[in-house]
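Peer 1: Before we start, here is the structure in question, set down as structure tokens.
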Amino acid sequence: MAGLGPTTHIDVESTSRQFREFLSSYNKLTEMCFMDCINDFTSRKISNAEDTCALNCMEKYMKMTQRISQRFQESQLLSTDAAGPTVQNLKSAVQ
Amino acid sequence: MAELNEAQLKLVADLELEMMADMYNRMSNCCQKKCIAPKYKDPDLNKGEAVCIDRCVAKYMEIHDRIGKKLTAMSQQDEATVKKIQAQMQQQQK
């Protein structure tokens, strides 16, 4: 963040929105992976299997969201009729 | 982060509080589902439920922490890759 000079209002807003989205997906992620991976409450310690499960769960979720957003963006781009030259370039890059 | 002014700091603090509340709600939900049988013959938590809740809370916080650490590591790696690609593109443009 250093050396960026005075940040504009829009910058702050979009950064904080991004940050908020990141944090809430982090919370959602914990909830989901905890529900799916942690089933043994006879011990307070997280077992190796639970740890691996939770971290894999998280990584898989990240990859899934990435892929979904990528495919979604592609389909949005391809379905845009008013395709300017930049969009055409992107189209050929996708194919 | 050194250039954040007072209003921005407040924004970050508010956000942090909001996310803690969200995390707390999700944790309560999870631990209720995991530990409390939906039978209400007795108004007290039985011993098993009480112990389960203690462990559930401890484990939830620890999992939250571990996932957070890995998430940070991954996003830092991503950022580094993006920077590398940008540097390469700038080199090519010269």
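The values are calculated or read from the model by the stated rules, or taken from the named source; none is laboratory data. Since the structure is predicted, the reported quantities are computational estimates derived from the model, not experimental observations. For neighbour counting, all protein chains shown are included, and Cβ atoms are generated from backbone atoms with ideal geometry for every residue, glycine included. Heads up: the accessible areas ignore ligands, DNA and RNA and are worked out on the full protein's heavy atoms, side chains in. Shrake-Rupley method; radii C 1.70, N 1.55, O 1.52, S 1.80 Å.
Peer 1: Return the carbon/sulfur percentage of the accessible area of the stretch A:7-84, one whole number, probe 1.4 Å, all protein chains in place.
Peer 2: The computed percentage sits at 55.
Peer 1: Follow-up. State in Å² the accessible area per residue of the stretch B:9-94; use a 1.4 Å probe, count heavy atoms of protein chains only, and round to the nearest integer.
Peer 2: Ligands and nucleic acids excluded, the figure is 76 Å² per residue.
Peer 1: Also: Keeping all protein chains in position, work out how much accessible area B:ASP78 exposes to a 1.4 Å probe, and write it in Å² to the nearest 10.
Peer 2: Accessible surface of B:ASP78 is approximately 80 Å².
Peer 1: Follow-up question, since we're still on this one. For chain B, with only Lys/Arg (+1) and Asp/Glu (-1) charged at the beta-carbon, what is the dipole magnitude about the Cα centre, in debye rounded to 20?
Peer 2: 580
Peer 1: I need the phi-derived Karplus couplings for the stretch A:31-47: 6.51 cos²θ - 1.76 cosθ + 1.60, θ = phi - 60°, integer Hz, Gly and Pro marked x.
Peer 2: Rounded to whole hertz, the list is 4, 4, 5, 5, 4, 7, 10, 9, 10, 10, 10, 8, 9, 7, 7, 7, 6.
Peer 1: Related question: Between B:MET89 and A:SER47, take the C-beta separation as r, use R0 = 41 Å, and let me know the FRET efficiency to the nearest 0.05.
Peer 2: Result of the calculation: an efficiency of 0.35.
Peer 1: At a probe size of 1.4 Å, how large is the accessible area of A:MET62, to the nearest 10 Å²?
Peer 2: 50
Peer 1: List, in the order given, every pair from B:LYS69/B:LYS94; A:LYS60/B:LYS34; B:LYS41/B:LYS69 whose Cα-Cα distance in the structure shown is over 30 Å.
Peer 2: Values: B:LYS69/B:LYS94 38 Å; A:LYS60/B:LYS34 23 Å; B:LYS41/B:LYS69 42 Å.
In this structure, B:LYS69/B:LYS94; B:LYS41/B:LYS69 exceed 30 Å between Cα atoms.
Peer 1: Going by Cβ distance under 4.7 Å, what cysteines of the protein assembly as shown have no possible disulfide partner?
Peer 2: Cys with no partner Cβ under 4.7 Å: B:CYS30.
Peer 1: If you roll a 1.4 Å probe over chain B with all protein chains in place, what percent of the accessible area is carbon or sulfur?
Peer 2: After summing per-atom areas, the C and S share lands at 56 percent.
Peer 1: Same structure again: Could you do me a favour and compute the accessible area per residue for the stretch A:7-84, 1.4 Å probe, result in Å²? Could the numbers behind the result be given before it?
Peer 2: Details: 5360 Å² over 78 residues.
Per residue, the stretch A:7-84 has 69 Å² of solvent-accessible surface.
Peer 1: Dipole of the stretch A:7-84 (Lys/Arg Cβ +1, Asp/Glu Cβ -1, origin at the Cα centre): which of A:SER24, A:THR42, A:VAL12 lies farthest to the positive side?
Peer 2: A:THR42
Peer 1: Okay, next question. Between A:ASN39 and A:SER79, take the C-beta separation as r, use R0 = 30 Å, and let me know the FRET efficiency to the nearest 0.05.
Peer 2: E(calc), rounded to 0.05, equals 0.10.
Peer 1: Provide A:THR42, A:THR52 ordered by accessible surface of protein heavy atoms (probe 1.4 Å), highest first.
Peer 2: A:THR42, A:THR52
Peer 1: Once you place label points 7 Å from the Cα toward the Cβ at B:LEU9 and B:ALA58, how far apart are they in nm?
Peer 2: Here the answer is 3.7 nm between the modelled labels.
Peer 1: Name the shape class, rounded, prolate or oblate, that the alpha-carbon gyration tensor gives for the stretch A:7-84, where a ≥ b ≥ c are the square roots of its eigenvalues, rounded holds for a/c under 1.5, and otherwise prolate holds if a/b is larger than b/c and oblate otherwise.
Peer 2: Taking the square roots of the gyration eigenvalues as a ≥ b ≥ c, the stretch A:7-84 is oblate.
Peer 1: Let me ask another. Whole Å is fine, so just give me how far the alpha carbon centre of the stretch B:38-90 lies from that of the stretch A:52-72.
Peer 2: 15
Peer 1: What does the charge dipole of the protein assembly as shown about its Cα centre add up to, to the nearest 20 debye, if the Cβ of each Lys and Arg holds +1 and the Cβ of each Asp and Glu holds -1?
Peer 2: Here the protein assembly as shown has a charge dipole of around 640 debye.
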